[in-house]
């Protein structure tokens, strides 16, 4: 009877210890870790609520550390152009009583001028243009002599396809000059020379004069020079015929 009671008591103690061990948590409900440090060997171990032995020292530490001090905020202020610290403007940054300046860079020197770009397309209202020029070539008095002259000062590059109407009026004031005929001509991209329109004979008295009109089709991107071509077909008394020619051309882009 006594033995049965003793064993029953031990069983009860074992159940209580087992329940105590099972209910312990690592860390505990307060977020604290418990451990034992052996002062002879330096070994350490984490425990779940049981006590340390005689050679160990109990130690604890928090799962969450102590909150640190609040940090300092950085302040910023914009600086305008002409500021003593930042002549080109910038920002002043403040932290803990100290100020740091972040300045804008100053403008560098102007670079060299770039090359001229290509001529742009015709804009609104720029579809028509008019030019005028006076030419004064000297034509030899011998028959079958030819002089061709262009209005190079008014050369143009077509911004689009189109057409030009050219009129020319020429005259020779000296009746002793040879008989002269006149054609309108043009040069395309400095190489192709084309005679256009009907010839105009400069004849009459006392002023030898004549006029003609012709049309030219122009293409975008090509350079044009308008001019006149004079030819003598009779011998004159004077060594040369100084001819004057007035050119007018009106061009319109499609």
Tally of residues being part of a loop (DSSP other than H, G, I, E, B) and either modelled with pLDDT of 90 or more or farther than 30 Å from residue 29 by Cα (or both) across the range 63-100: 16
Residue within the range 51-60 that is touching a strand residue (DSSP E or B) at 6+ places or on another chain (Cβ under 6 Å), closer than 30 Å to residue 183 by Cα and assigned to a loop (DSSP other than H, G, I, E, B) present: no
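Would you be able to tell me the number of residues in the range 125-164 that are surrounded by 14 or more Cβ atoms within 10 Å (Cβ to Cβ) and either part of a strand (DSSP E or B) or at pLDDT 80 or above (or both)?
19
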Test set (1) surrounded by 13 or more Cβ atoms within 10 Å (Cβ to Cβ); (2) modelled with pLDDT under 90 - residue 103 fails condition number: (2)
Hey, residue 241 part of a strand (DSSP E or B), closer than 18 Å to residue 132 by Cα, at pLDDT below 90 and assigned by TED's automatic domain parsing to the domain that holds residue 134 or not: no
Residues of the range 33-75 classified as under 60 Å from the mean Cα position of the chain (by Cα) and surrounded by 11 or more Cβ atoms within 10 Å (Cβ to Cβ), total: 1
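The values are calculated or read from the model by the stated rules, or taken from the named source; none is laboratory data. Since this is a predicted model, take the numbers as computed values, not measurements. Neighbour counts are summed over all protein chains in view; Cβ atoms, including those assigned to glycine, are modelled from backbone coordinates with ideal geometry.
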